[in-house]
Amino acid sequence: MKQIIQHLRSGDTTLDNIPPPQVKRGALLIRTTRSLVSLGTERMLVEFGKAGLIEKARQQPDKVKMVLDKIRAEGLLPTLEAVFSKLEQPLPLGYCNVGVVTEIGAGVTEFRVGDRVASNGPHAEYVCVPQNLVAKIPDNVSDEEAAFTVIGAIGLQGIRLSEPTFGETVVVTGLGLIGLLTAQLLLANGCRVVGIDLDADKCRLAAAWGVHTVNPAQGQDPVHSVLEYTRGVGADAVIITASAKTNDIVSQAARMSRKRGRIVLVGVVGLELSRAEFYEKELRFQVSCSYGPGRYDDDYEQKGIDYPLPFVRWTEKRNFEAVLHALASGAIRVEDMISERVPLEDYRQIYGSIGQSKSIASILEYDSAQQATTQAGAEPVDIKNPSTPSATPHSAFRIPHSAFETPHSEFRIPHSLGLLGAGNFTKMTLLPALKGSGAEIRHIASSGGVSGAALAKKFGIPNSTTDYRDLLNDPVLGAVLITTRHGSHAHFVTEALRAGKHVFVEKPLALNREQLDRILEAHREHPESSVMVGFNRRFSPHIRAIRQALGEQPGPLNLVATMNAGAIPPGAWVHDLESGGGRILGEACHYIDLCTYLTGSRVVSVCMNAMGPDAPLNTDNASILLRYANGSNAVVNYFANGSRAYSKERVEVYTRERTWVMDNFRETRAYGVKGFKTLRTRMDKGHKAQFHGYVQFLKTGKGDMIPMDELVNTTLASFAALESYQQGRWVAV
């Protein structure tokens with residue numbers, strides 16, 4: 001299918017051919033008929049992409065501080081590689097989509113195949129959208145009109161926060177697309193509306209609806225005009241829908257407001273507020289968040305958990321429905337705002353000159369006669385987080401999902417790889433580390449298709465897909481490398497083993513004993529298929545040097561391994577026990593494996609303590625004590641409350657009056673160890689050695705693989721850590 005993509009590093013806006021998305025649980029697959037270009041928002045993204053590196057940095061000063069901290073902790077070159085890789089990430093454009101439902105995900109009961117719907121899907125021929133971000137279109141509303149639903153909801157949310165009442169005077173600063181829709185909705189609410197804009201055409205359009213307009217470009221003073229219009233009282237509320245860097249807009253809003261007035265920011269403007277202007281009038285200022293309550297809440301948007309209507313009357317979906325009702329009743333009219341209608345293939349008519357465009361609303365038209373081919377009976381699975389092997393009760397039809405043809409071969413190639421997952425780890429670590437390994441990468445699968453297609457193009461991978469079964473059904477493929485979200489690992493490992501493939505999975509192997517048991521059962525059924533977990537740190541030259549110095553029989557050791565992991569937002573998926581398992585299961589397991597490697601033994605019991613008396617099970621501030629069969633003791637500290645300027649990882653080994661200190665995989669020093677020279681390298685966490693060794697194993701059957709019983713022991717030890725914390729005691733492994 002075709003989709004419009006913005007490339008932030010080069011600034012190019014392209015129409016790319018990518019695999020269509022698979023329907024997910026709780027979501028709908030929609031064939032697009034129309035989409036609306038949000039010229040304000042999309043102009044900012046396009047112009048940001050075209051800006052140079054220095055200008056990009058100026059626009060994001062908070063990111064600059066993060067980069068500087070990363071340079072201090074990890075070095076210049078790794079930081080630059082991370083920054084450039086981030087800028088290369090393709091960005092889908094658009095969020096005002098209209099189309100026809102073609103497939104229903106499991107758990108969706110409100111919609112049917114064939115329903116016309118509006119959603120926040122991007123500019124793409126097919127989109128997969130969670131049900132709480134989709135609304136049915138009334139019969140008397142055209143697809144073209146319905147394309148204004150989502151952008152209208154942004155304005156509507158700003159109105160709700162300003163709490164206007166019948167007869168109040170409300171100023172709308174900025175008569176772009178959102179501002180014009182906001183003005184119409186306010187008029188429908190019985191308000192007196194003042195619109196401010198520098199564009200005479202937009203002012204004339206608003207005036208035709210009954211808006212009192214002010215154009216500063218024609219010498220009209222906004223503050224004086226509003227005070228004059230309200231007979232000296234001032235505006236009851238000001239809704240700012242403009243996009244500008246100046247602080248004057250907020251200052252003007254304060255000065256034109258009545259005492260105890262309300263100011264709501266929907267757009268993007270400078271926010272250096274004058275205390276005096278707000279203090280004297282006791283003004284209320286609030287920033288509006290997109291479409292309404294539920295935005296950026298994964299429970300609401302991704303998991304479909306609705307807020308109860310008696311307590312949250314207007315969610316983002318209910319705002320969508322309210323805008324559609326206003327369109328159906330004629331309370332708002334959008335025909336006059338449409339500046340151009342452009343076929344999708346001619347997208348450059350819009351984006352080629354978007355920086356200078358005077359358009360209000362541009363409509364992209366899709367081929368309404370397009371029909372997808374089908375594979376009857378197929379049951380898509382969400383790559384990121386499958387809940388069951390069968391994610392939908394049926395499939396109405398299946399869209400072709402491969403962007404390239406698969407090269408023909410009659411024989412299985414052991415070192416032929418399929419990548420399942422196209423996120424940051426795959427892009428920034430796995431694929432660069434595989435260079436020069438001799439691996440033949442045949443497939444890459446991603447849930448949405450965009451990231452996978454981009455990586456396929458960059459790294460010359462012949463097949464990009466959104467259906468992981470393409471990998472399992474390829475008779476040539478020797479191994480599947482899994483880098484999806486943690487909650488999906490066990491499912492995909494099990495499926496790949498049953499398909500007779502070797503499996504490499506990024507940590508963790510599983511999130512609970514039931515998942516681990518399923519993997520072990522599949523492995524017993526297919527012993528010819530190996531399992532490898534991405535515990536890369538044991539392959540670092542720093543850890544290898546310590547292990548070699550310890551000798552074949554390390555004997556009892558004391559180890560202290562500290563990960564200064566840094567905090568991540570509480571809403572991040574890794575904290576979710578179902579999707580990510582929490583950072584102890586999902587990340588601290590790295591250091592359990594590292595300690596196991598250095599001791600040459602197995603964990604026999606575990607005790608974990610977390611910071612604070614009531615720390616949750618998904619805590620990321622904890623200390624784990626490990627007792628080994630050979631008498632070794634290890635402490636794994638996983639902390640999220642340290643400074644990012646300090647080294648992220650540190651390992652200390654103590655034995656027989658000898659000590660090794662490894663600092664951030666850049667330097668290892670030894671004390672009391674004859675012949676051990678200080679080792680200094682670029683940051684090397686062992687990824688390249690791990691993947692090159694794995695490919696060598698696939699080719700020859702020989703290599704430095706982690707024994708299966710060791711992988712199981714580490715996994716059980718991570719389970720025991722959480723069990724210990726819950727029960728307040730040592731837990732045997």
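The values are calculated or read from the model by the stated rules, or taken from the named source; none is laboratory data. From a predicted model like this one, the values you see are computed outputs, not experimental measurements. Because the Cβ atoms are built from the backbone with ideal geometry, glycine has one as well, and the counts that use them run over all protein chains shown.
Restricting to the range 508-531, and then to whatever is of a type in the set (K, R) and within 30 Å of the chain's Cα centre (by Cα), can you tell me which residue is nearest to S718 (Cα to Cα)? Filtering the range 508-531 for residues that are of a type in the set (K, R) and within 30 Å of the chain's Cα centre (by Cα), the one nearest to S718 (Cα to Cα) comes out as R513.
Would you point out which residue out of D306, D299, D336 is acidic (D, E) and assigned to a loop (DSSP other than H, G, I, E, B)? Selected residue: D306, the only one of D306, D299, D336 that is acidic (D, E) and assigned to a loop (DSSP other than H, G, I, E, B). Listed by position, the strands (runs of 3 or more DSSP E) contained in the range 473-591 that have at least 2 residues being within 30 Å of A634 (Cα to Cα) and aliphatic (A, V, I, L, M) are 502-505, 531-533, 558-564. Looking at this structure, is R544 surrounded by fewer than 19 Cβ atoms within 10 Å (Cβ to Cβ) and outside the structural domain of S601 (by TED's automatic domain parsing)? Spelling it out, it is not the case that R544 is surrounded by fewer than 19 Cβ atoms within 10 Å (Cβ to Cβ) and outside the structural domain of S601 (by TED's automatic domain parsing). Taking every residue in the range 417-431 that is part of a helix (DSSP H, G or I) and pairing it with any residue that is among the acidic types (D, E) and buried (at least 21 other Cβ atoms within 10 Å of the Cβ), at least 6 positions away or on another chain, the pairs with Cβ-Cβ distances below 8 Å are F425/E506. Residue-level check: of (1) assigned by TED's automatic domain parsing to the domain that holds S647; (2) of a type in the set (A, V, I, L, M, F, W, C); (3) closer than 23 Å to G421 by Cα; (4) surrounded by 16 or more Cβ atoms within 10 Å (Cβ to Cβ), I568 misses just (4).
Of the residues making up the range 665-692, those that are exposed (fewer than 12 other Cβ atoms within 10 Å of the Cβ), within 23 Å of N536 (Cβ to Cβ) and over 33 Å from the mean Cα position of the chain (by Cα) are T678, R680.
Quick one: count up the residues across the range 693-702 that are crowded, with 19+ Cβ neighbours inside 10 Å and either of a type outside the set (F, W, Y) or over 27 Å from E528 (Cβ atoms) (or both).
So the answer is 2.
Taken across the range 603-615, residues that are of a type in the set (S, T, Y), surrounded by 16 or more Cβ atoms within 10 Å (Cβ to Cβ) and at pLDDT 95 or above do occur, with at least one present. Hey, among V113, V101, which residue is within 20 Å of Q302 (Cβ to Cβ), surrounded by fewer than 24 Cβ atoms within 10 Å (Cβ to Cβ) and at pLDDT 95 or above? Checking each option against the conditions leaves just V101.
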